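Only one structure is covered here, and it is reproduced in the block below.
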Amino acid sequence: RNFSNGGRIQDSRWRETVEESVKEKNFHTGKAEEDLVGEEGLLVRDFISTSLYHRSSGYFNRHDCITSVVPTNFQKMKGKGEYLQHLDKLYKTQTEGWLTPVEIFRPYYTEAIAKWIYSVYSSKKSSPQQPASTDADVWSGGEQELDKEINILEVGGGNGTCAVTILSWFKRHHPDLYPNLHYTIVEASERLAQMQTERLKRTGHGDRVRIFNMSITDWTAHDYKHKHCFVVALEVLDNMPHDKLVPDPETGEYRQVRVRVPVGGSMSSISSQTYPYCEQVEDTVDPLIQRALQLRQDAIDKGATQNEESGSTWNQVKKHPWFQKLHTWINDIVVTEEDGSVQDDEHSLYLPTVCLQFMDTLARYMPHHHVLLADFDFLPDRIEGINAPIVSAKNKGTKGMTTDFQSYLVGLGEADIFFPTDFQLLSHMYQQTCGKDATFSKSAVFLRKYADWPKTKTRTGYNPLLQDYENTCIFTTSSAPLHSGHATQQEPHEPAQSLNVKAIWNEALVDSLTKPRIFDTDKEKQIRANIVAKLHSKEAQEREERESQQYYKQGKPAQNEPAEDQQSVAYGLTSKRNTRRRKR
């Protein structure tokens, strides 16, 4: 559905595409959840897709998922503590919705993307024309084509803030290019697509934009078959449904999982929570799962994935003896069921099959593209499993409190379901499907190069734009590389820091234990409160020991930590955790 130009669909092929998509995915409104899941059940990716994007029951169509905020003057803030208090206040004033970096750091975050687009565009325009047979001639026509248009396709447009900011930046800084700039948004949520249309019309950019209410994996148009385009997807990969596989206890081979309605309508139980669906394990026969699984194995063989043997930050934490002891202790206290059984799912694998379909769409219909993908490379464990998701809700039903679930088997549309991205595996998939190389780095590396980051620095020097998004990466096509490194590289001119396993797990644990849950008993609340008190006491003791050691080494008292750092302890991972709740 094209919401531009008064909501009319200008091209019949789009109507056919959308109607066929609706038919195939059984996206009929007004149907009961049991009918949507069906007697045969759904593969996990199809279940999650229905739960997130169904036109009447889906999470992104039932709730206001993204909170818009007015631009913030970071230079007036004292430091990290005041910034965290600002975020906390924003969340408490909103019953629904997450914050996104596009909204929090408006306009600086998105203007950095606009500058990147212009940088790639101008570098290709100034470079000598290459023979048409080479991949370097992605501009399909050389400088003559460059003089005609700039094509941008955004996947998942959120509230429309990214589109508005990019278009406004080009209109302000490159007015000669603005008339030839064509912006397309592909939005799976009908609710968000309508919101984007209204926003872009109000800001005067309506004639520059087309908005299609469909999944990017359903794209079949040839608009960019022979044209260059920039494909931008911010916080989109995390909401792309995954398939779940579990290893066979005898052979070790992965078997696919299907979601079904329990026989007799009974509820399945996981930890202390009950769910309206259950899982059924079956032989892996789905072609897409088989292909994605083979790509993952190829990546592991080449050392190009964050598998269990890799050195990713979270795997280092999980393998640390201190973590394993504490993890066992917490499980014994909180996770153990009344009958003594523990939900053990740590070997389950969540495979990015829909992301692979996205790569196929790029290769088939947009071969001359440059991509920019921004997402999380790490999320704290809430559900056992490799690359497992976080399932979280914040809406009127939870009275504005953030509530995490122990499974993705929640009622349709009840919660957001989002996954971390293995950027090394993504690079391998991208190279194999699109035939292009890509680079990725921590977001701060990209933003330091392209963003106007001095404007987001607080008075103490703390810069949330560069320092708050430590668990995110930005992935770009290699024709405009940042540098040759991987996501684990440090920012330029900054010394590498050793991994503080205790600090990372302490913050994640405090954040988990202090967050309200709607299923809590008084006993569970008291247990968690006692654990948090012990952690804070232990942290204070370790700080005193460090200060004492510094006193004897330097012969003088250690300087007190800045006030904002002391305040941040109380918030735990408020910033890291809440900024990962920033859906499209």
**OP:** Would you check if there is a residue in the range 378-397 being crowded, with 20+ Cβ neighbours inside 10 Å, closer than 21 Å to Gly157 by Cα, of a type outside the set (Ser, Thr, Tyr) and without any contact (Cβ under 8 Å) to a residue 40 or more places away in the chain?
**Re:** yes
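If we only count strands (runs of 3 or more DSSP E) wholly inside the range 384-477, which ones have 3 or more residues that are under 28 Å from Phe358 (Cα atoms)? Before you say what the answer is, go through the steps one by one.
Values: elements: 390-393, 403-405, 416-418, 438-442, 472-477.
The qualifying strands (runs of 3 or more DSSP E) are 390-393, 416-418, 438-442, 472-477.
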**OP:** Scan the range 348-383 residue by residue and report those that are among the hydroxyl-bearing types (Ser, Thr, Tyr) and in a loop (DSSP other than H, G, I, E, B).
**Re:** Ser348
Original post:
Looking at the range 437-452, is at least one residue farther than 18 Å from Ile113 by Cα, out of contact with any strand residue (DSSP E or B) (no Cβ under 6 Å at 6 or more places or on another chain) and of a type in the set (A, V, I, L, M)?
Top reply: no
**OP:** Select from the range 191-216 the residues that are in a loop (DSSP other than H, G, I, E, B) and hydroxyl-bearing (Ser, Thr, Tyr) and list them in ascending order.
**Re:** Thr203, Ser215
Original post:
Considering the range 217-233 alone, what residues qualify as being open to solvent by 10 Å² or more (accessible area, probe 1.4 Å) and not in a loop (DSSP other than H, G, I, E, B)?
Top reply: Thr217, Asp218
Subject >> Within the range 173-191, tally of residues that are open to solvent by 10 Å² or more (accessible area, probe 1.4 Å), closer than 14 Å to Ile66 by Cβ and touching a strand residue (DSSP E or B) at 6+ places or on another chain (Cβ under 9 Å) >> reply: 1
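The values are calculated or read from the model by the stated rules, or taken from the named source; none is laboratory data. From a predicted model like this one, the values you see are computed outputs, not experimental measurements. Note that we place each Cβ from the backbone using ideal geometry, even for glycine, and neighbour counts take in every protein chain shown. For accessibility, only protein heavy atoms count, side chains too; no ligands or nucleic acids. Shrake-Rupley method; radii C 1.70, N 1.55, O 1.52, S 1.80 Å.
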